Amino acid sequence: MKKNLKYLILLFLSSAYVHSIEIDASLDEAEWEKAIVINEYFETVPYTLTPSEVKTETRIFSNENGIYVGFTNFQDNESMLSKKSMRDEVPNNVEQNGVAIDFDGDGLKAYMFFVTLANIQGDGIRRLGGWPQFDWDGDWEVQTKKYDGYWVSEFLIPWDVVLMKNVDGPNRSINITTFRYYAKNQSWLNDNKTSGNRTDFLSNLRTINVANYTKRKLNYFPYISKTYNSVSGFNEDKVGAEVFLNTGTGKQINLTVNPDFGQAESDEVIVNFSAQETFYSEKRAFFNENQSLFDLSHYDRYRVINTRRIGAASSYDCEASADEDSCSDAKKNYTDIDFALRYTQKNNNSDIGIFVAQETDESFTKGKNFYALRSKNMVGSRSIGYFLTHVVNNFTNEKATVNVIDFSNVKSSKLTLYTDLLSSKKEGISGFGLRSQFVYKPTPLSRRSGSILYFEDSFKLNDFGYLKKNDWFHIGFGSDFTKVDFIESSRIKERKIGVDFNYDSDTSGNSNPIQLRQEYNFKYKDTSSFQASWDLKTSGKNTTITRKNVEFPYVKKNGSFSFNLDYESPSYGTWEYDWRIGYETSDKYKTWSSEGYERRFAKIAGSLYPIDDFRLGWQLRVREEDEWLNWIEGNELAVYDLTQKIISINANWFKGSKHEIRLKSQFVALDAKNPISLISDKAGYLYNHDSNVKPFTEGITSFQVRYKYEMAPLSYIYLVYTKGGRVYDDENERNTSDVFKDPWENPDNEIFSLKFRFKF
């Protein structure tokens, strides 16, 4: 099937056939007999493009209710894996079916809908220039059922599940593709010879014409919640609501009033001693719904909007308060939100969106106001967008504004170009940023890419967005090649070799270590995989460790060499495992009593699922560093012998299709000993110093048990117990057992939460 092949097919049946179709995975209604039939599938992960060894027959039709997709998947009963999982859980080694639809047919984004054999739904968004993101939950139906020698999945994707542009006339063009995951071979099968993780995915979907139906949709999501912290005595009852209105004419309004964004799911524990902020993904439903227009980002380097800023901890100045003790007692690690409003409108060749949020004023602080305006226009295969964000900090009276012009150009199926021009202004200080990138695929099995980043020291994005660092100049090039045509006797199914080159510096020309990296990825016929990589870094300057000290802006670092090995086992029916080891070394420093830097890393993890309804996962990570460099203050630093151990235990238990219990825990023990005091000069050289630097230990605990009951689609009861703490000690040396145990016995928070969320 050629990439640009178009089907002028009447998918909508006459009104005589538009009666209610039961979503029961039977495919026995008369409409299925007249549907489009797809029965050619190809292996696309690994990207062998060999015809599927198992037969799949997919049928597609639509009526005024939406798009119906029915899969009939032929395979032996013994090979059908149907372990239960969380919604949107990826990767997930169970039988799956899915469909991706670009409802506007403009190649900018596709919505992905998939289901496992255990009838667990998943959905996400794949936009141009990004990768699939699975933090969006749509309102659609699906049902699966096992038969003798095959299994069936039946989808109904309503027209109002997403916001579509308003189209005049009786027909609209959409782009679509269907896919299947065959768990026995751990391979993805696709009817268009593409996959969501390929850069040319959106340009390789099939274009079809369908009858033009629109539908109005109004949903209310009221909630009631109660939160109690037994450590601090904090006790809160909240009532609020979310409203979602899709007019069916290309306009949508989302509103939340007095939202409860309680800890329904805890964040990962990340120990960060660097000068760069840790980015945490958004887990709150309102900020993930219909947010794709406002999603402008570049890998982990920046995001124009980081919605985790909304409702983050407020600023306080308790020392200047008339009641300092009460002010200190009132401090919270979050801020209540009065409301958030999002309006989106789609036209034929343009999108526009407005976003507003207001935090609550409290006794000893004031909340912030957040505003955003977004537009995007299509001109042929080119898109040009404008982004404006504005933040008012009512406590400090500071204002911050960011303007962005973004441009993408799909020159061909092989070459795509991206450019972002960014400017900021905060309290009269202006800054500029730039991203320019190309992705070139000369063949289906090779890829070339390159990017340039430039952010002035005065560029400020973090009032509303996220920026890994400013005062930054970056040039990067990457290339990879995939081989799949191995001889029959070979154990290898796919081999991918990649090379990356990265040059970074500050905007004054102080060069960071130049990095050259090569990576080898192997996928084997027994479904195991192995990765080997090495990194070579030249000597250079660390321009962030001294926290922008004017007199001592950087520290010189020696070159280093490192390698990593990573193995993932095949599935052994009820269990699987993976491991990773890494090593890094660099030469001794000549200006102080250095013995040479070394880093050793090891990880072993596994999953056990004795029955389809239960899964236990565990992980142990150990990292040791000799001469780990840490900033103290000013131009004073220290090196330590560092040991960090992390134990993670997770468990999911499912009772039927309504009950879910999830345990998620991490325990971190960090031990930094044998400190050596150092000081840097203006040229960045390190020397021995006489400051009193102490060894220290740090323990972190994050533990959560969550019960979730689904009363109806998108209506839930949550019962959550969360316990966490952090203990830091530079006075008494503690053994690893005590470092793990202390934050559990002396937690900072022990929270009980109950929440009811209803859909009307």
Filter result for the condition that a residue is part of a loop (DSSP other than H, G, I, E, B) and polar (S, T, N, Q), over 97, 92 | 92
Taking residue 271 and the conditions (1) exposed (fewer than 15 other Cβ atoms within 10 Å of the Cβ); (2) touching a Gly at 6+ places or on another chain (Cβ under 9 Å), which numbered condition does it fall short on, given that it satisfies the others?
-> (2)
May I ask you to say which residue of 576, 584, 595 is closer than 25 Å to residue 693 by Cα and not small (Gly, Ala, Ser)?
-> 595
Qualifying residues in region 454-465 (those that are touching a Lys or Arg at 6+ places or on another chain (Cβ under 9 Å) and surrounded by 21 or more Cβ atoms within 10 Å (Cβ to Cβ)) - the one nearest to residue 411 (Cα to Cα) = 455
In the list 523, 493, which residue meets the criterion of being of a type in the set (Lys, Arg), out of contact with any Asp or Glu (no Cβ under 8 Å at 6 or more places or on another chain) and touching a residue at least 60 places away in the same chain (Cβ under 8 Å)?
-> 493
Return yes or no: is residue 641 closer than 22 Å to residue 739 by Cβ and in contact with a strand residue (DSSP E or B) (Cβ under 9 Å, 6 or more places away or on another chain)?
-> yes
Hey, could you check region 69-86 for residues that are crowded, with 21+ Cβ neighbours inside 10 Å and at pLDDT 95 or above and say which is nearest to residue 217 (Cα to Cα)?
-> 69
Within region 426-453, can you find the residues that are farther than 27 Å from residue 500 by Cα and either buried (at least 21 other Cβ atoms within 10 Å of the Cβ) or in contact with a Gly (Cβ under 8 Å, 6 or more places away or on another chain) (or both)?
-> none
Just one listed residue, out of 134, 113, is within 27 Å of residue 208 (Cβ to Cβ), at pLDDT 95 or above, within 21 Å of the chain's Cα centre (by Cα) and not polar (S, T, N, Q), and it is 113
Which number in (1) free of Cβ contacts under 8 Å to residues at least 12 places away in the same chain; (2) within 30 Å of residue 637 (Cβ to Cβ); (3) not hydroxyl-bearing (Ser, Thr, Tyr) marks the one condition that residue 488 misses?
-> (2)
Kindly provide the set of residues from region 87-107 that are closer than 14 Å to residue 207 by Cα, at pLDDT below 95 and not charged (D, E, K, R), ordered by number.
-> 103, 105, 107
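Here's the yes/no breakdown for (1) under 15 Å from residue 309 (Cα atoms); (2) crowded, with 21+ Cβ neighbours inside 10 Å:
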residue	(1), (2)
351	no, yes
354	no, no
359	yes, yes
377	no, no
380	no, no
387	no, yes
393	yes, no
397	no, no
409	no, no
Per the filter on region 544-575, residues in contact with a strand residue (DSSP E or B) (Cβ under 8 Å, 6 or more places away or on another chain) and of a type in the set (Gly, Ala, Ser) are 559, 560, 562, 569
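Which residues, counting only those in region 43-52, are in contact with a Ser or Thr (Cβ under 9 Å, 6 or more places away or on another chain) and over 15 Å from residue 98 (Cα atoms)?
If we filter region 43-52 for residues that are in contact with a Ser or Thr (Cβ under 9 Å, 6 or more places away or on another chain), which is where we start, we get 43-48, 52.
Once the filter is applied, which keeps residues that are in contact with a Ser or Thr (Cβ under 9 Å, 6 or more places away or on another chain) and over 15 Å from residue 98 (Cα atoms), region 43-52 yields 46, 47, 48, 52.
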Output for region 481-508, where each listed residue is within 30 Å of residue 468 (Cα to Cα) and β-branched (Val, Ile, Thr) | 497, 499, 507
Restricting region 634-656 to residues that are among the charged types (D, E, K, R) and modelled with pLDDT of 95 or more, which is farthest from residue 600 (Cα to Cα)?
-> 636
Listed residues 617, 596, 606; which is more than 28 Å from the chain's Cα centre (by Cα) and either under 24 Å from residue 86 (Cα atoms) or surrounded by fewer than 17 Cβ atoms within 10 Å (Cβ to Cβ) (or both)?
-> 596
Residues of region 40-62 being among the polar types (S, T, N, Q) and in a strand (DSSP E or B), which ones?
-> 44, 56, 58, 62
Could you give every pair whose Cβ atoms fall below 6 Å, whose first residue belongs to region 632-654 and is basic (Lys, Arg), and whose second residue is surrounded by fewer than 17 Cβ atoms within 10 Å (Cβ to Cβ), counting only separations of at least 6 or pairs across chains?
-> 645/622
Read through the list (1) surrounded by fewer than 20 Cβ atoms within 10 Å (Cβ to Cβ); (2) farther than 23 Å from residue 621 by Cα, then give the number of the only condition that residue 726 fails.
-> (2)
Is it true that residue 194 is β-branched (Val, Ile, Thr) and more than 18 Å from residue 122 (Cα to Cα)?
-> yes
Considering only region 482-507, how many residues are part of a strand (DSSP E or B) and either among the hydroxyl-bearing types (Ser, Thr, Tyr) or under 17 Å from residue 534 (Cα atoms) (or both)?
-> 11
Which of the residues that make up region 567-591 are buried (at least 17 other Cβ atoms within 10 Å of the Cβ) and of a type outside the set (Ser, Thr, Tyr)?
-> 568, 576, 582, 584
Requiring at least 3 residues that are within 30 Å of residue 184 (Cβ to Cβ), the strands (runs of 3 or more DSSP E) wholly within region 535-606 are 560-568, 575-586
Of all residues in region 336-371 being part of a strand (DSSP E or B) and of a type in the set (D, E, K, R), the one that is nearest to residue 383 (Cα to Cα) | 351
Using the structure shown, decide if residue 678 is within 26 Å of residue 539 (Cα to Cα) and crowded, with 16+ Cβ neighbours inside 10 Å.
-> yes
Does residue 560 satisfy the condition of being over 30 Å from residue 310 (Cβ atoms) and either surrounded by fewer than 20 Cβ atoms within 10 Å (Cβ to Cβ) or over 25 Å from the mean Cα position of the chain (by Cα) (or both)?
-> yes
For region 733-741, indicate whether the set of residues that are in contact with a Phe, Trp or Tyr (Cβ under 7 Å, 6 or more places away or on another chain) and in a strand (DSSP E or B) is non-empty.
-> no
Odd one out for residue 690, checked against (1) without any contact (Cβ under 8 Å) to a residue 24 or more places away in the chain; (2) among the charged types (D, E, K, R); (3) in a strand (DSSP E or B) = (3)
Among what's in region 681-698 and is under 30 Å from residue 667 (Cα atoms) and not polar (S, T, N, Q), pick the residue that is surrounded by the fewest Cβ atoms within 10 Å (Cβ to Cβ).
-> 694
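The values are calculated or read from the model by the stated rules, or taken from the named source; none is laboratory data. Computed from a prediction, not measured in an experiment: that's the story for all the values here. A quick note on method: Cβ atoms are made from the backbone with ideal geometry, for glycine too, and the neighbour counts reach across all protein chains shown.
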